[in-house]
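The values are calculated or read from the model by the stated rules, or taken from the named source; none is laboratory data. Worth saying up front: this structure is predicted, and the values here are computed from it rather than measured. Note that we place each Cβ from the backbone using ideal geometry, even for glycine, and neighbour counts take in every protein chain shown.
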Amino acid sequence: MSQTVKAIEDPIETYEHILEHEEKDTQTVAVGIDRMVKGVGHVVMWANVLLIAAIVAQVLFRYLLNQNFPKLDEIQWHFYGLVTMVGISYALVTDSHVRVDILHLQLSRRAQRIIEVLGILTLVAPFLYLMVDQGWDYFYESWRVDERSSSPTGLPARWAFKAIIPISFVLLSFAALARLIHDVHALFVAGDEERQGRDLRLILWALVSFAAVATALTFLVHTTEEKLVIAMFLTFIALLFTGFPVAWVLAGTGVLYCGIAYLFDNGMMNWTGLEETLIGLDYLSLGAVVNRVYATMSNAVLVALPMFIFMGLMLDESGVAEKLMSSMQRLFGRTRGGLAITVTMIGIILAASTGIIGASVVLLGVLALPSMVEQKYSPMLGTGVVAASGTLGILIPPSIMLVIMADQMALSVGDLFMAAMLPGVLIGVLYLTYIFVISYLKPSVAPAPEGAMRPDWAAVKDVLIAVLPTLGLILAVLGSIFAGITTPTEASGIGAIGATALALGYRKLTLQKLVNVLKSTFNTTAYIFAIFLGATAFSYVLRELGGDQLIEDMILGTGFGPNGTVIVILGIVFLLGFVLDWIEITLIVLPLMRPIINALGLDIPGYGVVDEAALVWFVILVAVTLQTSFLTPPVGFALFYLKGVCPPEIKLGHIYKGVVPFVLLQLTGLALVFFMPWLATWLPSVAY
């Protein structure tokens, strides 16, 4: 009775009390979902260990027992599909996705939350509804007919693997719901600190500017389909600058323009003054994306991705780089620019053992920049050397970019690995040459340390002891591929177990470090795969709109001839690298270029051995061009990785100025490969 009287006497206080409890309940739900998704992820990430075991077992069975088990092959991509599909939810709740931060970082936290809420509701939600609904139908049909492996000795119950699709997208829906609850709750209860920064007017001006450009460009084409293609691509670019994750911008834009195409097909857009279309895109036809998702999950080539990522991260934990740095510093200590030379050589060695750019740049920055500052190196040279050397891993095999390029262009991963070896080493040599020259022309930018000891045989011995285990791992991975002993996927598993053995040998491996490597592998693989999902939806709609034909006609219509056309394409890729990450360019732009290159009739020497030599050469040219994307602002990821570990006296302006000579060196390497195609095709021909 007293409680009732109190409620009547003080209704405002009671109402506020109810609201407070509702807020707590709401937050409890969101936190509970977060914990559930993370808990599932922390269990599933151990499937990477099982994946390594399955790959190594397949190799051992083949060479020790002369047996081949198709079931083991299928188990591998079952584990890969499980890890990647569940991982996208984990990446969402941990906010690990790739985004374009140039404008996003200037916004207040409140503005960022508003963008995320709008993005989830308008871009993510429609895509998730499509994938859950169509994914369930896809699984149900497989279960209804009791689908089995296409191989008589393969795994039964193929439908169980396909069940991962709807289950993982339901899990992703929960993850998106949790972020939505967190953001909406914060918008109503957060204090003034969340309003510090710029408001949404910055983003609105950017979107209006892109809309004006899109409208102007549509006048350059005639048909409604062509106008939609241009508008679709520019919408994607514009939405990137909101800072919303790239994967969901791609997916949401694809679904949005599928709906717009449907409206044009059915005469509901006549008010625009544009003609009706007969594209044939609708909800059910977009459901074909589910089949493409399954093809990506079961892609034996892409199984190598998490393994090479695991290998690189484990090597970073093994202490190899620290040993190389200390021993090489002693060897080159008295040489002018010796520390910069050491960093570059370690960058080349790390590149041949890991393709994880962020890890390499951060590791080299932590190890070298404090010493460079102490030795009074020019901040521009020091940061340029570290950033450029850390990006070599995207080109020198085993490179995860080359694995994805091989898949997208239907080329052999082994061919691309061999084709990239000489260009990658060539760029490393250009770096070393530049350091030697600039150190002697301007001694003040890279002075020799005072009191450094003269190198002796003991120093050489230390370098060999530090280098040989890593070179042995590189030889085991690349040598087994080049010799035809293992496939790139099998070599990736060997590399993963070899890197783990090195960490054990150096007594650096602990359970906590293994867990950290598995988490990072899980996250990195997941956000790459999420971009695969988004790019699948985006490129499907783009092709249905005739985008591939429009781009082909525009590029071939330049009239510059075969070599001029290749230069135009490389110029476009270089410019796109200023605003897009290599993953989006590789997944969206690169496949569109295949028919164009085939139509040019390029006479590239394959020495009678290398199939599609022109395509191999072209892909390596694109790979070298994309290496510059890590160094070119505003979206040069290496620049931001490096800024995060720089000593306080090194400013972002130093980094921007420092990378300019190395971007020019990369373009010099690109020119050499362009004018001397044998740099890309000779090694594959010799290997065969």
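Per-residue answers, yes or no, for (1) in contact (Cβ under 8 Å) with a residue 24 or more places away in the chain; (2) outside any loop (DSSP other than H, G, I, E, B); (3) touching a strand residue (DSSP E or B) at 6+ places or on another chain (Cβ under 9 Å):
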| position | (1), (2), (3) |
| --- | --- |
| Ala251 | yes, yes, no |
| Trp271 | no, yes, no |
| Val290 | yes, yes, no |
| Asn299 | yes, no, no |
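So that you can scan it fast, the table gives a plain yes or no per residue for (1) modelled with pLDDT of 85 or more; (2) crowded, with 21+ Cβ neighbours inside 10 Å:
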{"position": "Pro306", "(1), (2)": "yes, yes"}
{"position": "Gly312", "(1), (2)": "yes, yes"}
{"position": "Gly337", "(1), (2)": "no, yes"}
{"position": "Ala340", "(1), (2)": "yes, yes"}
{"position": "Val343", "(1), (2)": "yes, yes"}
{"position": "Pro370", "(1), (2)": "yes, no"}
{"position": "Thr383", "(1), (2)": "yes, yes"}
> Is one or more of the residues making up the range 258-281 within 21 Å of the chain's Cα centre (by Cα) and of a type in the set (S, T, N, Q)?
Replying inline: no
> Does Leu471 satisfy being in the same structural domain as Leu502 (by TED's automatic domain parsing) and either more than 30 Å from Ala503 (Cα to Cα) or free of Cβ contacts under 8 Å to residues at least 60 places away in the same chain (or both)?
Replying inline: no
> Right, Asp415: of a type in the set (Asp, Glu) and either more than 19 Å from Ser685 (Cα to Cα) or without any contact (Cβ under 8 Å) to a residue 12 or more places away in the chain (or both) or not?
Replying inline: no
>> When you scan the range 648-659, do you find a residue that is in a loop (DSSP other than H, G, I, E, B), more than 23 Å from the chain's Cα centre (by Cα) and closer than 30 Å to Met554 by Cα, even just one?
In response: no
>> Among the listed residues Ala420, Ala452, Ala466, identify the single one that is surrounded by 13 or more Cβ atoms within 10 Å (Cβ to Cβ) and modelled with pLDDT of 90 or more.
In response: Ala420
> Quick one: which helices (runs of 4 or more DSSP H) sit completely within the range 443-549 and have at least 2 residues that are closer than 30 Å to Gly280 by Cβ?
Replying inline: 511-544
> Which pairs do you get when a residue that is over 13 Å from Pro398 (Cβ atoms), found in the range 306-332, comes within reach of a residue that is among the aromatic types (Phe, Trp, Tyr) and surrounded by fewer than 24 Cβ atoms within 10 Å (Cβ to Cβ), reach meaning Cβ atoms under 8 angstrom, with the pair 6+ apart or on two chains?
Replying inline: Ser318/Tyr506; Gly319/Tyr506; Val320/Tyr506; Lys323/Tyr506
>> So Val573 ticks every box in (1) within 24 Å of Pro677 (Cα to Cα); (2) loosely packed, with under 14 Cβ neighbours inside 10 Å; (3) free of Cβ contacts under 8 Å to residues at least 60 places away in the same chain but one. Which box is left unticked?
In response: (2)
>> I'd like to know if the range 151-159 contains one or more residues that are surrounded by 20 or more Cβ atoms within 10 Å (Cβ to Cβ) and not basic (Lys, Arg).
In response: no
> Gly608 versus (1) in contact (Cβ under 8 Å) with a residue 60 or more places away in the chain; (2) touching a helix residue (DSSP H, G or I) at 6+ places or on another chain (Cβ under 7 Å): which is the lone unmet condition?
Replying inline: (2)
> In the range 246-286, how many residues are within 30 Å of Asp95 (Cβ to Cβ) and modelled with pLDDT under 90?
Replying inline: 0
> Do you know which residues across the range 579-630 are in a loop (DSSP other than H, G, I, E, B), within 15 Å of the chain's Cα centre (by Cα) and not β-branched (Val, Ile, Thr)?
Replying inline: Leu580, Asp581
> Looking at Thr558, Thr510, which is the one that is exposed (fewer than 15 other Cβ atoms within 10 Å of the Cβ), without any contact (Cβ under 8 Å) to a residue 60 or more places away in the chain and either touching a Gly at 6+ places or on another chain (Cβ under 6 Å) or under 26 Å from Phe308 (Cβ atoms) (or both)?
Replying inline: Thr510
> What are the residues in the range 211-247 that are part of a loop (DSSP other than H, G, I, E, B) and either assigned by TED's automatic domain parsing to the domain that holds Leu128 or surrounded by fewer than 21 Cβ atoms within 10 Å (Cβ to Cβ) (or both), if any?
Replying inline: Phe219, Leu220, Val221, His222, Thr223
